[in-house]
Each structure stands twice: as C-alpha cells, then as structure tokens.
Number of protein chains: 2
Amino acid sequence: MLTRGQFQRLKELKEKKHREALGLFVVEGEKVVSELLAAGLVFSEIYATAAWGGKRTEMITEEEMARASHFPTPSSVLAVGEIQRKTLGAGELNKGLTLALDGVQDPGNVGTILRIADWFALDRVLLSPTCADLYSQKVINASMGSFARVRSIAVNLPEALGEAEVPILGCDLEGDSVHSLAGLNAAVIVIGSEGRGISGEVKAVLSKRITIARLGGAESLNAAVAAGIVCDNLRRKSS
Amino acid sequence: MLTRGQFQRLKELKEKKHREALGLFVVEGEKVVSELLAAGLVFSEIYATAAWGGKRTEMITEEEMARASHFPTPSSVLAVGEIQRKTLGAGELNKGLTLALDGVQDPGNVGTILRIADWFALDRVLLSPTCADLYSQKVINASMGSFARVRSIAVNLPEALGEAEVPILGCDLEGDSVHSLAGLNAAVIVIGSEGRGISGEVKAVLSKRITIARLGGAESLNAAVAAGIVCDNLRRKSS
C-alpha cells in the first residue's frame with residue numbers, strides 16, 4: 001500500500017526541478033526497465049503489479065499504479081533510481097571520441113543519440129544545460145537501455161571544450177566534408193540544436209566545421225540522423 | 001462559416017480509411033503548410049484564422065478551427081489536399097537510387113526518412129502497405145516539406161522488387177559493410193521494420209545483405225538513423 005505522501009513524491013518526479021531536489025528519477029515500462037536491469041542499473045525502488053514477472057521491491061495494485069504513473073496508460077512496473085551525476089575528469093576529453101550536444105532539446109533525439117553513441121562505442125557524450133534532461137523518461141525510453149551503458153556528462157560546454165587539446169569539430173551547414181573524419185581517434189564532435197545549430201559561445205571554441213553535403217532540397221537533417229552519420233564516418237578505417 | 005457536414009468531413013480525415021475513401025488529406029500548422037506551399041504543393045482548400053498571413057480559401061474563427069482541428073492545440077491554418085497516388089513505371093527501379101521501406105511503422109521515422117531521401121537527392125522511396133500512411137499528418141510534419149519533393153510510391157514490395165534488375169540490398173544485423181556502398185549509382189536499399197527487420201517475402205528477393213558494424217552494446221539503431229548512414233555511404237565517391 002502506498003501512502004498519500006509516496007504517491008505525491010512519485011508524481012512530482014515527472015518534473016526536472018523535483019528530480020534535482022530529491023536526486024531521484026522514474027522509469028516505467030516492462031521493456032525499458034528490463035533493459036536497464038540487464039545493463040546493470042541498480043534501482044532503489046521497484047513498484048510492480050502482479051502482471052510484472054521481474055524483480056520488485058513492492059507489489060501494488062493496478063489502481064495504485066494508475067495513480068502513481070506518469071502516463072495515461074500505465075505499464076506493470078515503475079522503477080525509481082538515484083541520479084548519479086558524473087563529472088568530467090581532468091584531461092579526459094583528450095582521450096578517445098566524444099559527442100557534445102549543444103542545445104539538443106528534443107528528448108527523443110537525445111535518447112536516440114545515446115543509442116548511437118552506444119552502438120558505435122564512443123567514449124562519452126557531453127550535454128549542455130540547454131539539452132533535454134538526461135533523467136526525463138522520454139530520453140531514457142528513446143535510449144533503449146543505452147542510458148545505462150553510455151558515459152553521459154552534463155557540463156558547461158564552452159568551459160569544458162575550452163580545456164580540450166584535441167580537435168573540436170562542429171557539425172554545420174558548411175565546412176569540410178564529414179568524409180574527412182575517417183581514422184580520427186581522439187576528437188570532440190559538436191551537434192547543435194535542431195532549430196538554431198551550434199551556439200555562439202561554442203562556435204568560438206571550434207577547431208573547424210564539418211558538414212554533410214546536401215544534394216537535394218531538404219533544409220536540414222534531423223540531429224540524431226546527423227550524429228549517426230558522423231559516428232559511422234569516425235569509425236571508418238582511414239583510406 | 002463551416003457547416004456541420006464540413007466539420008464532420010474534416011474530422012474524419014484523421015483516419016486513413018476516410019482519407020482513402022474521399023481521396024483527401026489534411027495538414028495543419030503554419031510551418032509545414034508554408035513549407036509545402038513553397039515546395040509547390042497545390043491545396044484544394046485552405047481554412048485559416050485571422051492570425052494566418054498566407055494564402056487561404058476560407059477565413060474561419062478560432063472556435064471553428066478548434067472544432068475542425070485534429071490537434072488539442074490548433075494552429076492558424078488547416079489545409080486540405082488531394083491524394084495523388086503515384087505508380088511505379090516499368091523498369092523505373094533500374095535507374096538511380098531507391099530506398100524501400102518494409103514495414104517502417106513509426107510515422108516520425110517515415111517522415112524523417114523522406115527528409116533524408118530529399119537531402120541526399122535519392123530518386124524515389126517505396127513504401128510497403130505495412131508502413132505508416134504517407135498521408136498521415138505525423139508523416140507529413142516529420143518530413144518538413146520533403147513530402148512534396150520526394151517521389152514516394154506505395155507498392156506491393158516483393159512484387160515490385162522482383163522485377164528490378166539492379167542490386168537489392170537489405171539492411172540487416174549481419175552482411176557486407178555499409179562502407180561497400182560507395183559509388184553505387186543504381187540500386188535499391190531496403191530498410192526493415194523497427195522491431196522485426198525485413199519481412200520473409202522481401203528477404204527472398206534480396207541480392208545481398210549489408211550491415212552497419214556494431215562496436216558497442218546497443219541492440220539496434222533507429223530505422224531513420226540507419227537510412228541516413230546508408231544514404232551518406234551511397235553518396236560517397238568510391239575510393
């Protein structure tokens with residue numbers, strides 16, 4: 001049985017400010033909770049109805065789940081995890097490949113980019129404070145479990161990039177071809193906001209701009225699609 | 001002033017069966033309607049409130065728009081277009097580059113793939129009957145105007161591909177590297193469903209399978225991200 005206070009706390013975790021204050025986040029759904037458990041994520045609380053076959057810390061009724069859930073159509077499981085904010089180590093950006101997201105606001109895009117970074121085994125993903133919150137359910141769901149495997153760090157982007165000694169390459173509508181990335185083994189690639197591209201402050205610290213050549217009529221590519229093309233090029237053997 | 005019958009007809013166009021029966025589709029939103037008009041699409045009806053600055057065929061009130069709209073938050077413009085189903089010409093697939101979507105069900109993915117096909121100037125996109133409907137608002141919105149520029153054809157996929165004389169390459173979890181696509185100038189690339197991949201019937205007509213090598217932990221890539229990586233490789237100069 002959940003108390004009134006417990007319901008209220010679970011509901012509040014829908015909003016970023018309450019997640020930050022309590023240091024907790026919520027994930028719901030059989031598929032995503034199973035994937036995160038399989039990826040080794042440890043939840044502090046797992047509420048589930050009789051329909052859930054996995055691990056739980058408390059059995060609740062369907063009515064209670066409907067009341068606690070953040071969605072109009074609740075699933076059989078709602079898990080609560082502790083937010084563990086990672087910090088960037090000194091000189092860390094100088095090793096390996098980093099994707100830096102500068103104002104990627106759509107949570108579906110942020111989650112899909114985590115999945116791409118996981119697929120291509122990038123070393124880390126940086127997120128500016130203007131990106132969708134890493135601990136929102138939409139981001140975690142779209143990442144399909146990659147949320148638990150990718151080293152993701154929220155940072156002040158211009159400050160963090162200012163200390164990097166490796167090339168900092170920004171995806172833009174003009175610049176060198178993305179095909180020039182093959183064989184790079186230490187670099188930061190910046191993906192800008194869906195509507196406005198890379199911010200002025202981050203543009204100031206770029207080593208150069210790279211571009212995916214446009215041959216047809218579309219005005220832009222989706223941010224996650226651009227990130228996928230960048231990663232495929234980074235992981236190509238240099239010819 | 002819209003009549004009761006007009007409201008009913010506009011509302012019904014939310015469903016595919018009614019769109020098919022009437023041969024009409026609806027698009028709403030300032031940005032997408034402007035983009036489609038700029039791309040040369042001719043609408044048969046454009047209903048707009050006083051807030052819409054563009055072309056219209058009938059001025060309606062905000063209350064009428066709220067009643068006609070398919071969305072809880074209506075915009076200032078609702079346009080109706082005639083469905084013009086294209087058919088595949090004899091031997092058409094033997095010329096140029098074709099993306100074939102086999103059961104891509106998410107309308108956001110279908111729209112994003114149209115935008116990718118437009119960006120990379122592919123010659124056409126084929127859609128199996130199991131794909132999201134080309135004339136749903138979610139597809140048209142996600143395509144960002146590319147809907148009006150890309151030659152998109154709904155077909156019986158195994159039948160259409162059975163007549164092609166060019167290589168038919170299927171994206172799969174195993175196969176030749178996607179990096180082998182460079183320099184191909186006539187081919188069909190098949191993108192399968194988000195959950196189940198390419199259907200058995202289509203697998204039977206593939207010339208070979210291609211893959212985007214996985215280096216990390218993610219189980220799959222998003223269908224639109226995979227299509228973007230395929231197109232970038234097709235448009236790369238062969239080395």
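The values are calculated or read from the model by the stated rules, or taken from the named source; none is laboratory data. Note that this is a predicted model, so its numbers are computed, not measured. All Cβ positions, even for glycine, are placed from backbone atoms using ideal geometry, and neighbour counts span all protein chains on display.
One table, with the values for the structure above:
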{"read-out": "Residues of segment A:93-137 satisfying the condition of being outside any loop (DSSP other than H, G, I, E, B), away from chain B (no Cβ under 11 Å) and more than 11 Å from the chain's Cα centre (by Cα)", "value": "A:L93, A:N94, A:T98, A:D102"}
{"read-out": "Test: residue in segment A:198-216 that is buried (at least 20 other Cβ atoms within 10 Å of the Cβ), within 19 Å of A:P107 (Cα to Cα), out of contact with any helix residue (DSSP H, G or I) (no Cβ under 6 Å at 6 or more places or on another chain) and not hydroxyl-bearing (S, T, Y)", "value": "yes"}
{"read-out": "Subset of segment B:175-219 (residues that are assigned to a helix (DSSP H, G or I) and either at pLDDT 95 or above or not hydroxyl-bearing (S, T, Y) (or both))", "value": "B:V178, B:H179, B:L181, B:G200, B:E201, B:V202, B:K203"}
{"read-out": "In segment A:206-231, the residues that are of a type in the set (D, E, K, R) and either more than 17 Å from B:A182 (Cα to Cα) or not assigned by TED's automatic domain parsing to the domain that holds A:S177 (or both)", "value": "A:K208, A:R209, A:E219"}
{"read-out": "Residue pairs meeting the criteria (Cβ under 8 Å; at least 6 apart or on separate chains; first β-branched (V, I, T), in segment A:87-101; second assigned to a loop (DSSP other than H, G, I, E, B) and surrounded by fewer than 24 Cβ atoms within 10 Å (Cβ to Cβ))", "value": "A:T98/A:D123"}
{"read-out": "Of all residues in segment B:220-234 being part of a loop (DSSP other than H, G, I, E, B) and facing chain A (nearest Cβ under 7 Å), the one that is farthest from B:L101 (Cα to Cα)", "value": "B:L221"}
{"read-out": "Options A:A164, A:A213: the member that is within 14 Å of chain B (Cβ to nearest Cβ) and more than 19 Å from the chain's Cα centre (by Cα)", "value": "A:A213"}
{"read-out": "Unmet criterion (only one of (1) more than 19 Å from the chain's Cα centre (by Cα); (2) assigned to a loop (DSSP other than H, G, I, E, B); (3) surrounded by fewer than 21 Cβ atoms within 10 Å (Cβ to Cβ)) for A:D172", "value": "(2)"}
{"read-out": "So B:A223, is it in contact with a strand residue (DSSP E or B) (Cβ under 6 Å, 6 or more places away or on another chain), surrounded by 15 or more Cβ atoms within 10 Å (Cβ to Cβ) and over 16 Å from B:G175 (Cα atoms)", "value": "yes"}
{"read-out": "Filtered residues of segment B:59-86 (kept if of a type in the set (A, V, I, L, M, F, W, C) and either more than 30 Å from B:R124 (Cα to Cα) or in contact (Cβ under 8 Å) with a residue 60 or more places away in the chain (or both))", "value": "B:M59, B:I60, B:M65, B:A66, B:A68, B:F71, B:L78, B:V80, B:I83"}
{"read-out": "Some residue of segment A:169-187 being of a type in the set (D, E, K, R), away from chain B (no Cβ under 14 Å) and more than 25 Å from B:A227 (Cβ to Cβ)", "value": "no"}
{"read-out": "Lone unmet requirement of (1) more than 18 Å from B:G40 (Cα to Cα); (2) out of contact with any helix residue (DSSP H, G or I) (no Cβ under 7 Å at 6 or more places or on another chain); (3) surrounded by 23 or more Cβ atoms within 10 Å (Cβ to Cβ) for B:V110", "value": "(2)"}
{"read-out": "Output for segment B:188-210, where each listed residue is away from every other protein chain (no Cβ under 14 Å) and closer than 29 Å to A:L122 by Cα", "value": "B:I189, B:V190, B:G192, B:S193, B:R196, B:G197, B:I198, B:K208, B:R209"}
{"read-out": "From A:I140, A:I189, residue being under 15 Å from A:V110 (Cβ atoms), out of contact with any Asp or Glu (no Cβ under 9 Å at 6 or more places or on another chain) and surrounded by 23 or more Cβ atoms within 10 Å (Cβ to Cβ)", "value": "A:I140"}
{"read-out": "Filtered residue count, segment A:54-88, keeping only those that are under 19 Å from A:A148 (Cα atoms) and either modelled with pLDDT of 95 or more or under 22 Å from the mean Cα position of the chain (by Cα) (or both)", "value": "12"}
{"read-out": "Members of segment A:1-21 found to be without any contact (Cβ under 8 Å) to a residue 40 or more places away in the chain, out of contact with any Leu (no Cβ under 8 Å at 6 or more places or on another chain) and farther than 24 Å from A:A50 by Cα, listed by number", "value": "A:E15, A:K17, A:H18, A:A21"}
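This table checks each residue for (1) in contact (Cβ under 8 Å) with a residue 60 or more places away in the chain; (2) crowded, with 23+ Cβ neighbours inside 10 Å; (3) among the aromatic types (F, W, Y).
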{"residue": "A:R115", "(1), (2), (3)": "no, yes, no"}
{"residue": "A:A132", "(1), (2), (3)": "no, no, no"}
{"residue": "A:R151", "(1), (2), (3)": "yes, no, no"}
{"residue": "A:E165", "(1), (2), (3)": "yes, no, no"}
{"residue": "A:G183", "(1), (2), (3)": "no, no, no"}
